[in-house]
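Before any comments, here is the structure.
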Amino acid sequence: MSKNKIKRIAINTGGGDAPGLNAVIRAVAVSAEKRGWEVYGIRDGYNGLFLPERYPQGGLIRLTHDRVRGITNIGGTILGTTNKGNPLKYPTKRKDGTWFEKDRSDEIMKAFRKNKIDALIAIGGDGSLTIANEFEKKGLRVIGVPKTIDNDLDKTVITFGFDTAVSFATECIDRLHSTAQAHQRAMVVEVMGRYAGWIALNSGVSGTADVILIPEIPYDIDKVVVKVKDRDREHRYFSIVVVAEGAMPVGGKSSVIGKELGRAERLGGIGEHIAHQIEELTGKETRVVVLGHLLRGGTPTTFDRLISLRFGAAAVRALEEGKSGVMVALDPPTVRYVPLADATHRMKTVPLDCDTILTGRDLGICFGD
Ligand code: F6P
């Protein structure tokens, strides 16, 4: 794999999809073609390279300018993605029928060489970028692009996909206000975000929730109950409670509903649990809405489209400038490059003294503490 002249690059999308993936793909394909490079999209994470037999029409798709026309505003990813079968921890069966996680990254490196790929632009969250960083250590030129609705990647002010998720969650909270008020109910809204409370915090404050529960602030259910009862006393007979899927009670843990080999833990159930407790402890009729994957679907907001296009074009410029092992990061008003290892080293959670939390507190929002 040549360190200098680039002729052919690959691009892939890994982990959960996020609005803006197609905009990044388009920006990469068009700006790379302008430089005379060939661009290939890898199907379904690394599967197109790793398991080509699954793809009768080819595990790599040639991405010409024509092939990426009209996709900027479309959700999902034209390449497909997966959060199964991490090549560094590939679920593998032993002869005795038991399973273990095997590092199969060398096989993928071989496939990169076989397909004469000079560099990879990897679009992903912490899992996918950690994998990409391993390929860089093994000699492939790699540029990362930060994607996740959770916004939990370090060293970038924001990841693409987050703004769309927060905008949609806020719209849902707005809609729930009227029905909560009409029926004098408590409405619990569970949102995604894994172990970070960014989506719950930003949508909850914007949607004027009464209670916001995030993993960074373990909650005391009695504090939530006091808030709901106080509102009743003030003749505000409804309450909106926004709960991050990773929220946890004081002394407790996030609600994990599954863990498979080679995959991240699945979270869920906390909204239902809290709704049940509120109903029991206040006597107030309570309903729960789990927004789940709705937050990942649909057309990206203007903000997400623009940063996705900026990230994609910046990734190509980085390769042209000879960079490798870096992630494109938003550092307003510009984009810059940070070492991939720094971006994936730790999760970016909500700082307890950030001004959005302070704003929420000033507005009387209860954080369960
Ligand atoms: O990381 C993005 C995310 O949507 C998380 O917010 C959520 O916990 C997880 O992915 C859900 O993953 P899956 O698509 O496997 O249900």
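The values are calculated or read from the model by the stated rules, or taken from the named source; none is laboratory data. All values reported here derive from a predicted model rather than from experimental measurement. FYI the Cβ positions are ideal-geometry reconstructions off the backbone, even for glycines, and counts take in every protein chain you see. Only protein heavy atoms, including side chains, enter the accessible area calculation; ligands, DNA and RNA are left aside. Shrake-Rupley method; radii C 1.70, N 1.55, O 1.52, S 1.80 Å.
Checking ARG35, ARG94 one by one, the residue that is over 30 Å from ARG194 (Cα atoms) and without any contact (Cβ under 8 Å) to a residue 12 or more places away in the chain is ARG94 and no other.
Within the range 67-107, the set of residues being closer than 16 Å to ALA132 by Cβ, open to solvent by 60 Å² or more (accessible area, probe 1.4 Å) and within 16 Å of the ligand (Cβ to nearest atom) comprises ASN83, LYS89.
Each row is one residue, and each column tells you yes or no for (1) touching a helix residue (DSSP H, G or I) at 6+ places or on another chain (Cβ under 7 Å); (2) at pLDDT 95 or above; (3) not aliphatic (A, V, I, L, M).
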{"site": "ILE149", "(1), (2), (3)": "yes, yes, no"}
{"site": "THR159", "(1), (2), (3)": "no, yes, yes"}
{"site": "ASP163", "(1), (2), (3)": "yes, yes, yes"}
{"site": "ASP174", "(1), (2), (3)": "no, yes, yes"}
{"site": "ALA196", "(1), (2), (3)": "no, yes, no"}
{"site": "ALA200", "(1), (2), (3)": "no, yes, no"}
{"site": "VAL205", "(1), (2), (3)": "yes, yes, no"}
{"site": "PRO218", "(1), (2), (3)": "no, yes, yes"}
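Can you give me the number of residues within the range 214-225 that are within 14 Å of THR286 (Cβ to Cβ) and touching a strand residue (DSSP E or B) at 6+ places or on another chain (Cβ under 9 Å)? Count: 2. For beta carbons closer than 6 Å, sequence separation of 6+ or different chains, a first residue in the range 1-25 that is closer than 13 Å to VAL39 by Cβ and a second that is among the aromatic types (Phe, Trp, Tyr) and at pLDDT 95 or above, the qualifying pairs are ILE6/TRP37; ILE9/TRP37; ALA10/TYR40; VAL24/PHE311. If the condition is being within 14 Å of the ligand (Cβ to nearest atom) and β-branched (Val, Ile, Thr), then the range 170-226 contributes VAL191, ILE199, ILE214. When the range 46-66 is limited to residues that are out of contact with any strand residue (DSSP E or B) (no Cβ under 6 Å at 6 or more places or on another chain) and small (Gly, Ala, Ser), the one that is surrounded by the fewest Cβ atoms within 10 Å (Cβ to Cβ) turns out to be GLY58. Close Cβ contacts (under 8 Å, 6 or more residues apart or on different chains) running from residues in the range 341-364 that are closer than 18 Å to LYS155 by Cα to residues that are of a type in the set (Val, Ile, Thr) and open to solvent by 50 Å² or more (accessible area, probe 1.4 Å) comprise THR344/THR130. Looking only at the range 120-134, decide whether some residue is within 30 Å of ASP163 (Cβ to Cβ), open to solvent by 40 Å² or more (accessible area, probe 1.4 Å), outside any loop (DSSP other than H, G, I, E, B) and among the polar types (S, T, N, Q). Checked the range 120-134: at least one residue is within 30 Å of ASP163 (Cβ to Cβ), open to solvent by 40 Å² or more (accessible area, probe 1.4 Å), outside any loop (DSSP other than H, G, I, E, B) and among the polar types (S, T, N, Q).
If the condition is being part of a strand (DSSP E or B), closer than 19 Å to ILE121 by Cα and open to solvent by 30 Å² or more (accessible area, probe 1.4 Å), then the range 329-352 contributes ARG336, TYR337, PRO339.
A quick yes/no check of all residues on (1) over 20 Å from GLY139 (Cα atoms); (2) open to solvent by 80 Å² or more (accessible area, probe 1.4 Å); (3) charged (D, E, K, R):
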{"position": "ILE307", "(1), (2), (3)": "yes, no, no"}
{"position": "ALA315", "(1), (2), (3)": "no, no, no"}
{"position": "ALA318", "(1), (2), (3)": "no, no, no"}
{"position": "MET327", "(1), (2), (3)": "no, no, no"}
{"position": "CYS354", "(1), (2), (3)": "yes, no, no"}
{"position": "ASP362", "(1), (2), (3)": "yes, yes, yes"}
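The set of residues in the range 282-297 that are open to solvent by 70 Å² or more (accessible area, probe 1.4 Å), within 15 Å of the ligand (Cβ to nearest atom) and out of contact with any Cys (no Cβ under 9 Å at 6 or more places or on another chain) comprises VAL290, HIS293. Restricting the first member to the range 135-152 and to residues that are at positive phi, and the second to residues that are outside any loop (DSSP other than H, G, I, E, B), the beta-carbon pairs closer than 7 Å and six or more apart or on different chains are ASN151/PHE162; ASN151/TRP198. For the criterion of being free of Cβ contacts under 8 Å to residues at least 40 places away in the same chain, open to solvent by less than 40 Å² (accessible area, probe 1.4 Å), under 21 Å from ALA314 (Cα atoms) and outside any loop (DSSP other than H, G, I, E, B), VAL28 fails. For the range 250-281, the candidate set comprises residues that are of a type outside the set (D, E, K, R), surrounded by fewer than 12 Cβ atoms within 10 Å (Cβ to Cβ) and over 21 Å from THR82 (Cβ atoms); within that set, the residue that is nearest to the ligand (Cβ to nearest atom) is GLY252.
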